[in-house]
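The values are calculated or read from the model by the stated rules, or taken from the named source; none is laboratory data. From a predicted model like this one, the values you see are computed outputs, not experimental measurements. Positions of Cβ are generated from backbone atoms using ideal geometry, with glycine treated the same way; all protein chains shown enter the neighbour counts. Side chains are part of the model used for accessible areas, which takes the heavy atoms of the whole protein and leaves out ligands, DNA and RNA. Shrake-Rupley method; radii C 1.70, N 1.55, O 1.52, S 1.80 Å.
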Amino acid sequence: MELVSARLLERLALHVDLEVVAGDGLETLPPGVRRTHVPIPNGPSAARLVLFDLFGTLRLLAVRRRCDVVHTCGAVVHANADVVTMHLSHAAVIEAQGGSRPPGRSGLRGTVGSWRRRLAASLERWVLRPGRTRRLVAISRSDALDLAARYPAVELTLIENGIDVDAARTGERPSADPGAPLGVVVVAGDFERKGVALAIRAVAGTRRCRLRVVGAGDLRAMQGLAASCGAADRIELVGHRADVWPEYADADVVLSCSAHESFGLAVAEGAAAGCAVVCTDTGVGPALCEDDGSGPGGIVVEADEGAITQALDRLDTDRDSCRAMGAVAASHAARYSWDAMATSTLALYDELIRTGS
């Protein structure tokens, strides 16, 4: 969300006067953008949610008097908003996971996580109703369908997220060794919600596929899981990488096992770099896997270990199909640009200003 917001602000600042109401993050703003700081603690997450809601609501009461449009990133405050972009629906996550407790979290940590998610979902339901939000923005086609069904009383607009398409290195992919095992990459910052454990078990069940997990999370627990599956030599957890594009360039497949995604930036980036997509039926993944007439861009699977294993083994056996899927996925991903996202956002602002309250 921080990356998307930063790229959007860079482009909006060229056309409109902006004021950003934020806690941490977005420290470097484009020239001329005002910032109203919201004081919140570094942790715990539940306290951050409550205090941002409280202080952010109070800050927005003053900001609204000097702004034509109030645009929030998520249902994060009780103040009325003209535009709410849903980067993550907590109600949808709870439904997809079958409960509010984050997977893999037990004891007090799991209880606090469960309480925070229920609280966020309650705030979401309160905000996304007529009279509180003028326009709800979905960031992928599949999420638009979910949000339209979940909050039918609020008018919805689809503005798909952008990615750094210019950074995609589709022309720099190394020549594949047809005898090498299939290279799979997962890029995730929230191991529990992104299904990293499921990805590890699925790859461990393949005949010979190799997996690299890129991102910050409980590396020790996931390394232990890989070892317990007997696949420690085929699964590598590399931690955070400032530049993930080389990881995509070295992989054959970008894998997402998320229970729920509003968009799925890593999947779109991997597709833009020429990786075939294997993903669950959520976020931008299914659109990247669509058949463009010459074949699909990937495989949509159930969030099931056996189904994912079978899909990866199939691509490992048929490398020509895998490469063809990567080319189709790259062509689909080319439409997700920051400029297109900013243009659509500006058009929405203009519409809301013309129509008034």
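What to note about this one:
- Legend: P(r) of region 251-315 from all alpha carbon pair distances, 10 Å bins from 0, whole percents, reading 24, 58, 17.
- Cα gyration tensor shape of region 79-235, rounded if a/c is under 1.5, else prolate or oblate by comparing a/b with b/c: oblate
- In this structure region 278-318 gives 43 Å² per residue of accessible area when probed at 1.4 Å with all protein chains present.
- Gain on full extension, evaluated as 0.36 nm per residue between residue 10 and residue 243 minus their Cα-Cα distance, stands at 81.9 nm.
- Residues whose amide H falls under 5 Å from that of residue 235, counting only those 5 or more places apart or on a different chain, are 211, with hydrogens built in the peptide plane.
- Protection proxy ranking, peptides 54-60, 127-133, 274-280, average beta carbon neighbours within 10 Å, highest first: 274-280, 54-60, 127-133
- FRET efficiency, 1/(1 + (r/R0)^6) with R0 41 Å, evaluated for residue 68 and residue 111 via beta carbons: 0.45
- The chain shape via C-alpha gyration tensor axes, a/c threshold 1.5: prolate
- Size estimate for region 282-357 follows the Kirkwood approach: the inverse of mean 1/r over distinct Cα pairs works out to 14.9 Å.
- If the segment from residue 17 to residue 223 were pulled out straight at 0.36 nm per residue, it would be longer than the present Cα-Cα gap by 69.4 nm.
- Put a dot 7 Å past the Cα of residue 48, heading toward its Cβ, do the same for residue 166, and the two dots end up 3.1 nm apart.
- Percent accessible area from carbon and sulfur atoms, region 198-276, protein chains only, probe 1.4 Å: 48 percent
- Taking a ≥ b ≥ c as the square roots of the eigenvalues of the Cα gyration tensor, an a/c ratio of 1.5 or more together with a/b larger than b/c marks region 210-294 as prolate.
- Between residue 141 and residue 321, the FRET efficiency from the beta-carbon distance, with R0 = 25 Å, is close to 0.50.
- Using distinct alpha-carbon pairs, which all enter the 1/r mean, Kirkwood radius of region 101-163 in Å: 13.4 Å
- Mean residue ellipticity (222 nm) of the chain, computed from DSSP H runs ≥ 4 via -39,500 (n - 2.57), nearest 500: -13000 deg cm²/dmol
- Burial order of peptide ranges 103-115, 314-326 (average beta-carbon count within 10 Å, highest first): 314-326, 103-115
- Peptides 255-261, 237-243 ordered by average Cβ neighbours within 10 Å, highest first: 255-261, 237-243
- Label sites at residue 33 and residue 334, each approximated as a point 7 angstrom past Cα along Cα to Cβ, lie 2.9 nm apart.
- For the pair residue 353 and residue 232, a Förster radius of 45 Å applied to the C-beta separation gives a FRET efficiency near 0.20, rounded to the nearest 0.05.
- Stretchable slack from residue 61 to residue 119, in nm (0.36 nm times residue separation minus alpha-carbon distance): 18.7 nm
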